[in-house]
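Read the structure below first, then the notes.
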Amino acid sequence: MAMRDIRIIGDPVLRTPCHTITEIDDRVKALVEDLLETVDTEGRAGLAANQIGVSLRAFSWNIDDEIGYVLNPVLVAASEDEYQDGEEGCLSVPQLWYPTERAWYARVEGTDLDGKKVVVEGEGLMARCLQHETDHLEGMLYIDRLDRANRKKAMKAIRETITS
């Protein structure tokens, strides 16, 4: 296992949709170990594989003292009538937090390392994490979901960070 470096906005891997995992081999097992170790740090809620430079559909989470992972996750349900609009941040967009609307409830289905079906669901922070991480696997960052005014502020802050 290894604590992996986090890729930062501007790295093309973050904007590229991830590939489906077709075979669970030693490489995938090592990826899961790295995702679990890297997310197991205070202040980290979730981590997608492309955030550590691997373009495969996998992510890990660390919510309410529960750490887990899912392979080939698909967001299959999200509440359509109940939303949350809390502050959201991202390890790949460091130190920037903006109000981001997300569904209050979300459910993801995927598999584990044994190829068995996994269902991960939750409300509040867990729902936010599931939506955030599945977005990553599609090549999206949370800043893509910001309203116009906040996206403008975020892009300005990112440009200032890059040029300083």
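The values are calculated or read from the model by the stated rules, or taken from the named source; none is laboratory data. If you're wondering where the values come from, they're calculated on a predicted model, not measured in any experiment. With ideal geometry, Cβ positions are generated from the backbone for all residues, glycine too; neighbour counts draw on all protein chains shown.
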### Query
Inside region 92-106, can you point out the residues that are in contact (Cβ under 8 Å) with a residue 40 or more places away in the chain, touching a Leu at 6+ places or on another chain (Cβ under 7 Å) and among the hydrophobic types (A, V, I, L, M, F, W, C)?
V93
### Query
Which of the residues belonging to region 61-76 are surrounded by 13 or more Cβ atoms within 10 Å (Cβ to Cβ) and more than 15 Å from D135 (Cβ to Cβ)?
N62, I63, I67, G68, Y69, L71, N72
### Query
For region 78-92, what are the residues that are buried (at least 16 other Cβ atoms within 10 Å of the Cβ) and either over 15 Å from the mean Cα position of the chain (by Cα) or over 30 Å from T22 (Cβ atoms) (or both)?
A78, Q84, E88, G89
### Query
Out of region 115-129, which residues are in contact (Cβ under 8 Å) with a residue 60 or more places away in the chain and either of a type in the set (A, V, I, L, M) or surrounded by fewer than 19 Cβ atoms within 10 Å (Cβ to Cβ) (or both)?
G115, L125, M126
### Message
Condition (residue is assigned to a helix (DSSP H, G or I), touching an Asp or Glu at 6+ places or on another chain (Cβ under 8 Å) and modelled with pLDDT of 95 or more) applied to region 38-58: is it met by at least one residue?
### Response
yes
